[in-house]
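The values are calculated or read from the model by the stated rules, or taken from the named source; none is laboratory data. Nothing here was measured: the structure is a model prediction, and the numbers come from that model. Don't worry about glycine lacking a Cβ; one is built from the backbone with ideal geometry, like all the others, and counts go over all protein chains shown.
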Amino acid sequence: MIRTKRVYLPPEPGDGTRVRVDRLWPRGLKRSEARIDRWLKAVAPSPELRRRLAHDPEKRPAFLRRYRAELDAHPEPVAELLALARKGPLTLLLAARDPERNNPVALKAYLEARLG
């Protein structure tokens, strides 16, 4: 099971492995308080992709296509996430306020498609 959750929320027993999947550290959160198991910056969208497309709803399809291509180009961290998901619950941590349109939601769909 893969789920997404804001990094600011406290851990819950069902979270399993908690992985931060953004390039930037979230504002106002001390590293000592983050309670993350891993931080995989390599699965986050490139800075260029994030700046140009990620925050415009009309450009969302283009963002998703390019983001999937970036993930395909980085098989090692993707394989690490798939292995973690096969072992047990996996929570992808995000800082974004929008629960629908963010890269961890896109990453979750990408990983679930590969898991079958």
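Annotation: of all residues in the stretch 52-100 being more than 29 Å from ARG35 (Cβ to Cβ), of a type outside the set (D, E, K, R) and in contact with a Lys or Arg (Cβ under 7 Å, 6 or more places away or on another chain), the one that is modelled with the lowest pLDDT is LEU53. The listed residues are GLU76, GLU112, GLU80, and the only one of them that is surrounded by fewer than 12 Cβ atoms within 10 Å (Cβ to Cβ) and not basic (Lys, Arg) turns out to be GLU76.
Scanning the stretch 1-30 for residues that are free of Cβ contacts under 8 Å to residues at least 24 places away in the same chain and either charged (D, E, K, R) or touching a His at 6+ places or on another chain (Cβ under 9 Å) (or both) yields GLU12, LYS30.
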